[in-house]
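Below is one structure; the comments refer to it alone.
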Amino acid sequence: MQCRNCGAEIADKALICYRCGVATTEARYKPAAPGRRPSSQSLILSVIAIALLVPLALYLGRLPAGEAPRAISAAGAIVALVVVVLRAWLRRRVR
């Protein structure tokens with residue numbers, strides 16, 4: 001087989017030309033578009049997460065060590081987990 005770019009004789013099973021480096025077949029998968037902007041849903045979710053987690057962190061930071069109510073600590077962990085899951089879901093849905 002001959003390279004479609006430089007005309008060099010290459011093996012029939014070659015993936016690229018050894019002389020010029022051009023692929024012998026078209027790519028199966030196209031790369032993602034560079035520079036994608038985050039969606040408005042992702043931005044809103046980030047703002048809500050910060051609005052919920054910053055006051056919680058400030059409250060827990062003012063308490064003496066080991067005296068944070070379990071309900072508040074659990075609520076913070078749940079909010080953080082929900083944010084991570086929603087962001088992953090939004091990223092998967094956008095692709």
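The table that follows gives values for the structure above.
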quantity: Number of the exception - L52 against (1) under 30 Å from Y29 (Cα atoms); (2) surrounded by 11 or more Cβ atoms within 10 Å (Cβ to Cβ); calculated: (1)
quantity: Residue within the range 65-73 that is surrounded by 11 or more Cβ atoms within 10 Å (Cβ to Cβ), modelled with pLDDT under 80 and charged (D, E, K, R) present; calculated: no
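The values are calculated or read from the model by the stated rules, or taken from the named source; none is laboratory data. Not measured: the values here are computed from a predicted model. Please note: Cβ atoms are built from the backbone with ideal geometry, for glycine as well, and neighbour counts cover all protein chains shown.
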